[in-house]
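**Q** Sharing a structure here in structure tokens format.
The values are calculated or read from the model by the stated rules, or taken from the named source; none is laboratory data. Here the structure is a predicted model, which is why all the values come from computation and not from measurement. For neighbour counting, all protein chains shown are included, and Cβ atoms are generated from backbone atoms with ideal geometry for every residue, glycine included. To get the accessible areas, we keep the full protein, side chains included, count just its heavy atoms, and leave off ligands, DNA and RNA. Shrake-Rupley method; radii C 1.70, N 1.55, O 1.52, S 1.80 Å.
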Amino acid sequence: MRAIVQGVTAQTAPIVLDTIRQRRTIDLLKLKPDPVPQDVLEAILTAATWAPTHGKHQPWRFTVFTGEGRRQLADLFARAYAASSAKDAGSPDAQENQRMRVMRAPVWISLELHVPQPPRFPQWEEEHALAAAAQNMLLAATAFGLASKWVSGVAMISPLTAHELGAPELRGFIFLGYAAEQPKDSTRTPLEEKVVWVRD
Ligand SMILES: Cc1cc2nc3c(=O)[nH]c(=O)nc-3n(C[C@H](O)[C@H](O)[C@H](O)COP(=O)(O)O)c2cc1C
């Protein structure tokens, strides 16, 4: 097959497709505590920034919490949970659980939506650009042998968390780490039920 994009060859496709198939959401409890090297994190974040973005608005910002820096996020999630409308928001145990969860993954990355003001395109276009950046991040992480999860729990989309990060809006977090055990495999609806072909 002829390369239509410089540097992309017939050999590239199986690797990319396999990486897409191999990405699986992992449970927080299945991660090792091992840190992720800085150059790997930078490569993952760079992959995020190569997502398609209408008008090159690049409506994303990311805050990366690692090492002791995670304690700030742990406190933030505990406060955000306490301020939320969750049934057990007032429970010190539930707040402590939020704190502990953060320390179980070596890396947390916020998905912050920054729509240019005044908006030039519909909001959904900016949302989708951020989602494409998030998927690039998940795939790049998979390519580096990292497990990941996109999470959107109460504290992770809380206006308080967004405010403290200086983000107008938050679309959750991605956590990353090396898997201690294989993530569960997933399933998808067969193509026939999702795709309509229009041919001659
Ligand atoms: C926008 C978004 C938010 C998500 N939030 C959560 C979440 O809060 N908790 C969770 O367990 N999984 C969350 N997920 C991950 C899905 O549960 C996961 O993708 C799904 O179970 C399919 O598994 P797979 O990713 O291994 O194919 C989220 C995924 C997306 C795209």
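**Q** Over what distance in Å are the Cα centres of segment 92-137 and segment 138-200 separated?
**A** Using only Cα atoms to place each centre, the spacing works out to 10 Å.
**Q** Follow-up. Evaluate E = 1/(1 + (r/R0)^6) for HIS128 and LEU29, where r is the Cβ-Cβ distance and R0 equals 25 Å; express this FRET efficiency to the nearest 0.05.
**A** It comes to 0.20.
**Q** Same structure again: Relative to a virtual label point 7 Å from the Cα of HIS114 in the Cα→beta-carbon direction, which members of segment 29-58 show backbone nitrogen distances below 14 Å?
**A** Counting only backbone N, you get 49, 57-58.
**Q** Ranked by accessible surface with a 1.4 Å probe, highest first, in what order do GLU164, GLU126, GLU96, GLU68 come? Let's see the in-between values first.
**A** Numbers: GLU164 100, GLU126 0, GLU96 80, GLU68 125 Å².
Listed by decreasing accessible area, they come as GLU68, GLU164, GLU96, GLU126.
**Q** Report, by chain and number, residues whose modeled amide H sits under 5 Å from the one on GLY172, excluding near sequence neighbours (fewer than 5 apart, same chain).
**A** LEU111
**Q** Could you give the dipole magnitude of the chain about its Cα centre, charging the beta-carbon of Lys and Arg +1 and that of Asp and Glu -1, in debye to the nearest 20? Numbers along the way, then the final one.
**A** Values: 22 positive and 21 negative charges, 41 e Å.
The calculated dipole for the chain is roughly 200 debye.
**Q** Then there is this: Taking θ as phi - 60°, what are the ³J(HN,Hα) couplings along segment 127-133 by the Karplus curve (6.51, -1.76, 1.60), each to the nearest whole Hz, with x for Gly and Pro?
**A** 4, 5, 4, 5, 5, 5, 5
**Q** In the neighborhood of GLY166, defined by Cβ-to-Cβ distances under 11 Å, what is the net charge if each Lys or Arg adds +1 and each Asp or Glu adds -1?
**A** Working: positive: ARG61; negative: GLU112, GLU164.
In short, -1.
**Q** Further, regarding this structure: Starting at the first residue of segment 176-193, write each ³J(HN,Hα) from the Karplus equation 6.51 cos²θ - 1.76 cosθ + 1.60 with θ = phi - 60°, in whole Hz, x for Gly and Pro.
**A** 10, x, 7, 6, 7, 9, 4, x, 4, 6, 10, 9, 9, 4, x, 3, 4, 8
**Q** Further question on the same structure: Over all pairs of distinct alpha carbons, what does the Kirkwood formula give as the hydrodynamic radius of the chain, in Å? List each step's numbers first, then the result.
**A** Values: mean 1/r = 0.0540 Å⁻¹.
Computed over the chain, the radius equals 18.5 Å.
**Q** Would you work out what percent of the accessible area of segment 79-139, with all protein chains in place, is carbon or sulfur (probe 1.4 Å)?
**A** Working: 1630 of 3080 Å².
Reported share for carbon and sulfur atoms: 53 percent.
**Q** Which order do you get for SER148, SER186 if you rank them by accessible area with a 1.4 Å probe, largest at the top?
**A** Numbers: SER148 5, SER186 50 Å².
Most to least solvent-accessible, the answer reads SER186, SER148.
**Q** Of LEU138, PRO35, GLN6, which is farthest on the positive side of the dipole of the chain, counting Cα position, with +1 on Lys and Arg Cβ, -1 on Asp and Glu Cβ, and the Cα centre as origin?
**A** Going by the Cα projections, it comes out as GLN6.
**Q** Okay, next question. Determine ³J(HN,Hα), in whole Hz, for all residues of segment 18-30 in sequence, where each value follows from phi through the Karplus function 6.51 cos²θ - 1.76 cosθ + 1.60 and θ = phi - 60°; x replaces Gly and Pro.
**A** So the J values, rounded to whole Hz, are 5, 4, 4, 6, 6, 4, 9, 5, 10, 6, 3, 6, 9.
**Q** When ligands, DNA and RNA are left out and all protein chains stay put, how many square angstrom of accessible area per residue does the chain have with a 1.4 Å probe? Spell out each step's value before the answer.
**A** On the way: 12320 Å² over 200 residues.
Per-residue value: 62 Å².
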